[in-house]
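What follows is one structure encoded as structure tokens, with my remarks underneath.
The values are calculated or read from the model by the stated rules, or taken from the named source; none is laboratory data. Just so you know, these numbers come straight off a predicted model, no measurement behind them. Neighbour counts run over all protein chains shown; Cβ positions are idealised from the backbone, glycine included.
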Amino acid sequence: MGDVLAENRIFSTVYTLVNDLVPDGWSWVAYLAAGMSIIMLVVNSLMIMATFYTWVERRLLGRFQSRLGPNRAGPFGLLQPIADLLKLLSKEDILPRSADRIIFNVAPVLMLAATLIVLAVVPFGRGSYIADLNIGILFVVAISGIGTFSIFMAGWASANKYAMFGSMRAIAALVSYEVPMVMSILSVVVLTGSMSMVDIAEGQALPFILVLPMAFMIFMVSISAELNRAPFDIVEAESELISGYNTEYSGMKFGTFFAAEFANVLVASAVIAVLFLQGWRWAVLPSHLWFLLKVGALAFVFIWIRATLPRLRIDQILGFAWKFLLPLSLINLVVAAVEVLSWPEQTALQQFYMALINWPVAIVSIVVFSKIVSKRQPVQPVVRVAVAQEVV
């Protein structure tokens, strides 16, 4: 089975169980069964959690906005996601006459697939993961970009100008916010000396949310923009673009986009928990449950932000990335590199010293660049043109 796979508790348990039942020389069946069991467990758990998360978000938004939220289907509205699913399944699947049929149909599947593939390298408990890649966080960044390209595919294939505008906005946000997001991840990699998600979680003597507060802020904002979450939800701004990239979608194709968007929030929360909250470590409960509690707390923060902040304009969103987040990410990376050169051994005491330095740096940098960005641009004088009126 190998030492690497033996460290995976779920894989080793299923492999041993199946291997004892099959004849000699059929160990490949045990490999297949163990691998498929992990994949099915992770994928189905995510989809069930995403389904429940839709209810949680709608109920919490109702509370934030002084209303009830879904409360008709089942007790406390718990069956509302099931009712929505049945409604979408019963709707007609409409294909625009001028649409590119193949790309139009592939786009929602690709978006959901990218969400599920990212989970392959996310450790969701002690010794529990699908694969521990030595380039795990690089894998996450690369695959997460596929979801944005699927949005562009959907907008382009729809042959609709509003859908195309929405998809072009998604690409603009990806290009703008991918740079500071990767720079914030680099500071984490510099401190841990590894890109493996397992090594990053185990390399945090203190949670990196305390050691690298500015990196956490930058990553949180950048991932919100890439996930099309408020206040960055300009991709499907209903006041301007009807519904954006998914305007022409109906039925379960629309439902697939819908499920992928909500699942993306949970996957992003899981990645943040590993990068900045020690993953499953220091569990006062079973490691899997402890990890899920961290994911739930981060998902609540996403909901809170959505209910609080209004939507920004496209120029404000792009300017915020290039003028504010990018300089902060460069400062954060340089400070982290200098600290690692000064304290090569990453003990709890040394990470505590780093936190004492990084918090003042983060506060001063944010205040200074906030002042710079908020300076009003000179207003061009309004030239009034007199129009001659016809005398009757």
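For the structure I just gave you, tell me whether F52 is more than 26 Å from the chain's Cα centre (by Cα) and in a helix (DSSP H, G or I). Before you say what the answer is, go through the steps one by one.
Working: more than 26 Å from the chain's Cα centre (by Cα): no; in a helix (DSSP H, G or I): yes.
So F52 does not fit the description; no.
Determine whether T13 is modelled with pLDDT under 85 and either polar (S, T, N, Q) or within 30 Å of L133 (Cα to Cα) (or both). Give the steps one after another, and end with the answer.
Values: modelled with pLDDT under 85: yes; either polar (S, T, N, Q) or within 30 Å of L133 (Cα to Cα) (or both): yes.
Criteria met by T13.
Whether any residue in the stretch 30-43 is surrounded by fewer than 14 Cβ atoms within 10 Å (Cβ to Cβ), modelled with pLDDT under 90 and more than 22 Å from the chain's Cα centre (by Cα) is what I want to check.
Yes, because at least one residue in the stretch 30-43 is surrounded by fewer than 14 Cβ atoms within 10 Å (Cβ to Cβ), modelled with pLDDT under 90 and more than 22 Å from the chain's Cα centre (by Cα).
Restricting to the stretch 359-372, name every residue that is within 14 Å of L212 (Cβ to Cβ) and either part of a loop (DSSP other than H, G, I, E, B) or aromatic (F, W, Y) (or both).
Correct list: W359 only.
Against the conditions (1) at pLDDT 95 or above; (2) surrounded by fewer than 23 Cβ atoms within 10 Å (Cβ to Cβ); (3) of a type in the set (V, I, T), where does T256 fall short? Just the number, please.
Just one mismatch for T256, condition (1).
Considering the stretch 301-344 alone, what residues qualify as being within 21 Å of A215 (Cβ to Cβ), loosely packed, with under 15 Cβ neighbours inside 10 Å and of a type in the set (S, T, Y)?
Within the stretch 301-344, S342 is the sole residue that qualifies.
Give L298, L289 a once-over and let me know the one that is surrounded by fewer than 23 Cβ atoms within 10 Å (Cβ to Cβ) and touching a Gly at 6+ places or on another chain (Cβ under 9 Å).
Exactly one residue qualifies, and that residue is L289.
Please go through the stretch 345-358 and give me each residue that is assigned to a helix (DSSP H, G or I), loosely packed, with under 14 Cβ neighbours inside 10 Å and of a type in the set (S, T, N, Q), ordered by number.
none
Between a first residue in the stretch 223-237 that is among the hydroxyl-bearing types (S, T, Y) and a second residue that is assigned to a helix (DSSP H, G or I) and at pLDDT 90 or above, which pairs have beta carbons less than 8 Å apart while being 6 or more apart in sequence or on different chains?
Between residues of the stretch 223-237 that are among the hydroxyl-bearing types (S, T, Y) and residues that are assigned to a helix (DSSP H, G or I) and at pLDDT 90 or above, the close pairs are S224/F302; S224/I305.
Kindly check whether there is at least one residue in the stretch 266-288 that is over 28 Å from F139 (Cα atoms), in contact with a Ser or Thr (Cβ under 6 Å, 6 or more places away or on another chain) and at pLDDT below 95.
Looking for residues that are over 28 Å from F139 (Cα atoms), in contact with a Ser or Thr (Cβ under 6 Å, 6 or more places away or on another chain) and at pLDDT below 95, one finds none in the stretch 266-288, hence no.
Which of the residues that make up the stretch 271-286 are at negative phi, in a loop (DSSP other than H, G, I, E, B) and buried (at least 19 other Cβ atoms within 10 Å of the Cβ)?
L277, W280
Quick one: L86 ticks every box in (1) at pLDDT 90 or above; (2) surrounded by 17 or more Cβ atoms within 10 Å (Cβ to Cβ) except a single one, so which number is it?
(2)
Among the residues of the stretch 176-184, is any among the polar types (S, T, N, Q), closer than 19 Å to F216 by Cα and in contact (Cβ under 8 Å) with a residue 60 or more places away in the chain?
Let us first name the residues in the stretch 176-184 that are among the polar types (S, T, N, Q), namely 176, 184.
Those left that are additionally closer than 19 Å to F216 by Cα: 176, 184.
Then drop every residue that is not in contact (Cβ under 8 Å) with a residue 60 or more places away in the chain, which leaves 176, 184.
Yes: the stretch 176-184 contains one or more residues that are among the polar types (S, T, N, Q), closer than 19 Å to F216 by Cα and in contact (Cβ under 8 Å) with a residue 60 or more places away in the chain.
Filtering the stretch 238-270 down to residues that are among the aromatic types (F, W, Y) and in a helix (DSSP H, G or I), which residue is farthest from I151 (Cα to Cα)?
F262
Quick check on R72: is it of a type in the set (K, R) and either closer than 27 Å to T256 by Cβ or in a loop (DSSP other than H, G, I, E, B) (or both)?
Against the criterion (of a type in the set (K, R) and either closer than 27 Å to T256 by Cβ or in a loop (DSSP other than H, G, I, E, B) (or both)), R72 qualifies.
Which number in (1) surrounded by fewer than 22 Cβ atoms within 10 Å (Cβ to Cβ); (2) within 25 Å of P286 (Cβ to Cβ) marks the one condition that V121 misses?
(1)
In contact with a Ser or Thr (Cβ under 9 Å, 6 or more places away or on another chain), over 18 Å from Y129 (Cβ atoms) and part of a helix (DSSP H, G or I), is that true of A30?
Yes.
Take the residues of the stretch 138-195 that are more than 19 Å from the chain's Cα centre (by Cα), of a type in the set (S, T, Y) and part of a helix (DSSP H, G or I): which is farthest from K253 (Cα to Cα)?
Ranking the qualifying residues of the stretch 138-195, first place goes to T192.
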